[in-house]
Amino acid sequence: MAFGVILKRAVRDFRQNFVTHLMTTLVVALTCLIFVFFSLFSFNLQHVVERFGRQLAIIVYLKKDVSQERIPTIYQKIAGLAGIESVRFVSSEEAFKRLEQSFKDEKEVLQGVDPLFLPPSFEVQINRAVYHLDRIKEIAAQLSQWPEVDKVQYGREWVDRLEAFSRIVRGAVVASGIILLITAAFVVSNTIKLTVFARQEEIEIMRLVGGTSGFIQGPFLLAAFFQGTVGSSAAILVSFFAYRYVLGMLDYTGLVRSLNLDFLPLEYIALFILASGLFCVVGTAVALRRFLRL
Amino acid sequence: MISIDHPIIELKGVGKKYHPDILALEKIDLQISKGEFVFLTGPSGSGKSTLLRMLYCAESPTSGTITVDGMDLSSLYRSQIPQLRRKVGVIFQDFKLLYNKTVFENVALSLEVMGLKKSQLEKRVKQVIEGVGLGDKIFRKAVQLSGGEQQRVAIARAVVNRPPIILADEPTGNLDRQRTKEVVTLMNELNARGATIIFATHDETLFQDSHRRLLMLEKGRLKRS
């Protein structure tokens, strides 16, 4: 059966049953909308957590009596550890300058203070690929054993909280995702079943006059693909404008800017639209099966 | 049983049992030759519709074999059923029309499934609709027609693809005397053009004075052939 014939029949059918198709597309769009909002939230939350994690560094404070000649050797030793992204030496003078900057207009507070009173330190960034709480703890423990090292800080409390929060979010994402997927599957397949059921007689007659499965199913499947892709595209558009609107509303607080929120990436959107189309096609094919047995 | 050299329809020892133990048909042996017009009669529940349904593969026998126009229905794949149904035009008592579609669309469906070109399709559909006397109502919706007219649409749909076999399952069951006469005349015309027809009815007046062969079913058994 030529694709052109099926397409023509699908278009004709779409015109004749416009309201039914519109309602199905609307149901698909609403289901997708919930899914997109959910994805948007989880996507951004994950990004914030990741970004926050990347900002965490291990600070290795050296003993004051460590000679300048030892610094390059210690630097090399730290850089040589597994999972280290970068190492930066902060001398006592630089540390003092940073302190001064942080006081801004009240620099005079530091007048008369010895510029070398702060200990020299190394700022160690962990490689993103191996970033894990256990690895940070491990590296920190290792570094604190070295004789030249006075103290190791890595924002342990924050790391612990971040880890716990990530775990909760991940769990929530998976659980809600599964529930939403089941709901979506149920709603979409039932809507499609109702559509097919309403046209049961037509399908039966087509079977009786010698219509092949391709001839009968083709327009239904094409319509389902259309409903899936159009419905999900509409959901993406609505959520995009809603996202822009909310962003605009909250922008003045500076909070949103600091969180650096993003909309879903293009690859994800393309995949989502395609998957929605295919999902509707599969649902329709399953719903049609029992009507094609005559 | 009459023996025919090259039957277009042949049933050998056909039986049909429904769960749990309802016997619809039992040991049916039947041959129908090409171009023959036979009446199939019997009281309600005698198995007329079951027998017809098996001839277009809407049901399968629990025993025996059926051959239709050279196709052994017991060895037919599901994908081959449409091919069989294009050879067998079926007319139902309840017409089975798409009431929200026009006369043209209803009749054209039989040719659309075959993938006929638009120009050919239109020409043939118009010809057949005019042939059943509905030329002036071609673009009316089926729901706007009378019972007799609806049955003529159903006949047009069954014959538009020129099937060699026509199965009519109580086609006059819902019609008055005048419309019944019109349908029988149409069927005679189709037969005269070469179609093999099985006309199921329990209306004795239709075959009483007819020279046509009569098949009589009673409690699932063929009493007269």
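Peptide A:211-217 is shielded by partner chain Cβ atoms: per residue, an average of 4 of them sit within 10 Å of its Cβ. Comparing Cα centroids, segment A:269-288 and segment B:111-189 end up 39 angstrom apart. Across chain B, the longest run free of exposed loop sites, meaning chymotrypsin sites (Phe, Trp or Tyr not before Pro) lying outside DSSP classes H, G, I, E and B with no more than 15 other Cβ atoms within 10 Å, spans B:140-225.
Counting, for every residue in B:99-112, the Cβ atoms of other protein chains within 10 Å of its Cβ and taking the mean gives 2.
Counted over the protein assembly as shown, the DSSP beta bridges are approximately 65% antiparallel. Mean separation of Cα pairs under 8 Å and 6 or more residues apart, divided by the residue count, gives segment A:57-154 a relative contact order of 49 percent. Amide H contacts of B:A24: B:K16, B:K17, B:Y18, each under 5 Å away and 5 or more positions distant or on a separate chain (H built 1.01 Å from N in the peptide plane; Pro and chain starts excluded). Relative contact order of chain A: 31 percent, from C-alpha pairs under 8 Å at least 6 residues apart in sequence. GNM remark for chain A: springs join alpha carbons under 10 Å apart, and the peak mean-square fluctuation among A:T212, A:T195, A:T25 falls on A:T212. How large, in percent, is the carbon and sulfur part of the accessible surface of segment A:57-154 at a probe radius of 1.4 Å? Carbon plus sulfur share of accessible area: 50 percent. According to the square roots a ≥ b ≥ c of the eigenvalues of the Cα gyration tensor, what is the shape class of segment B:90-203, taking rounded for a/c under 1.5, prolate for a/b larger than b/c otherwise, and oblate for the remainder? Because a/c hits 1.5 or more and a/b fails to exceed b/c, segment B:90-203 counts as oblate.
Given Cβ point charges of +1 (Lys, Arg) and -1 (Asp, Glu) and nothing else, what value in debye, to the nearest 20, does the dipole of segment A:57-154 about its Cα centre take?
On the way: 13 positive and 15 negative charges, 69 e Å.
Roughly 320 debye, rounded to the nearest 20.
Rounded to the nearest Hz, the phi-derived 3J(HN,Hα) couplings of segment B:34-44 under the Karplus curve 6.51 cos²θ - 1.76 cosθ + 1.60 (θ = phi - 60°) are 4, x, 7, 10, 10, 9, 10, 10, x, x, 4, where x marks glycine and proline. With the charge dipole of chain B set up from +1 on Lys and Arg Cβ and -1 on Asp and Glu Cβ about the Cα centre, the Cα lying farthest toward the positive end among the listed residues B:P7, B:T201, B:L111 is that of B:L111.
As a rough guide to protection, the peptides A:276-284, A:100-108, A:135-143 ranked by mean Cβ packing within 10 Å, highest first, stand as A:276-284, A:135-143, A:100-108. Look at the Cα gyration tensor of segment B:170-223: its axes a ≥ b ≥ c give a/c of at least 1.5 with a/b at or below b/c, and that counts as oblate. Neighbouring Cβ atoms from other chains, within 10 Å of the Cβ of residues in B:156-169, number 1 on average. In terms of the Cα gyration tensor, with a ≥ b ≥ c the square roots of its eigenvalues, is segment B:113-155 rounded because a/c is under 1.5, prolate because a/b exceeds b/c, or oblate? Prolate is the answer for segment B:113-155, as a/c is 1.5 or above and a/b outweighs b/c.
Express in nm, to one decimal, how much length is gained between B:D69 and B:H19 on full extension, taking 0.36 nm for each residue of separation and deducting their alpha carbon distance. Please list the in-between numbers first.
On the way: separation 50, 0.36 × 50 = 18.00 nm, distance 2.99 nm.
Stretched fully, the B:D69-B:H19 segment lengthens by 15.0 nm.
Here the dipole of the protein assembly as shown is about 1980 debye; that uses its Cα centre as origin and unit charges on the Cβ of Lys and Arg (positive) and Asp and Glu (negative).
Pair-distance distribution of chain A: all C-alpha pairs, bin width 5 Å, starting at 0; shares per bin in whole percent are 1, 5, 9, 10, 10, 9, 8, 8, 7, 6, 6, 5, 4, 4, 3, 3, 2, 1, 0, 0, 0. Approximating the spin labels as points 7 Å out from Cα along Cα→Cβ, the A:V11-to-A:D114 distance works out to 8.8 nm.
Over 32 Å between C-alpha atoms is what I'm after, so list which of A:K8/B:K181; A:K193/B:K126; A:K63/A:K137; A:K107/A:K137; B:K87/B:K219 land there. The pairs that break the limit, which is 32 Å between Cα atoms, are A:K8/B:K181; A:K193/B:K126; A:K107/A:K137.
The values are calculated or read from the model by the stated rules, or taken from the named source; none is laboratory data. Everything quoted here is computed from the prediction, not taken from an experiment. Every residue, glycine among them, receives a Cβ derived from its backbone with ideal geometry; neighbour counts consider all protein chains shown. Surface areas here come from the heavy atoms of the whole protein model, side chains and all, with no ligands, DNA or RNA. Shrake-Rupley method; radii C 1.70, N 1.55, O 1.52, S 1.80 Å.
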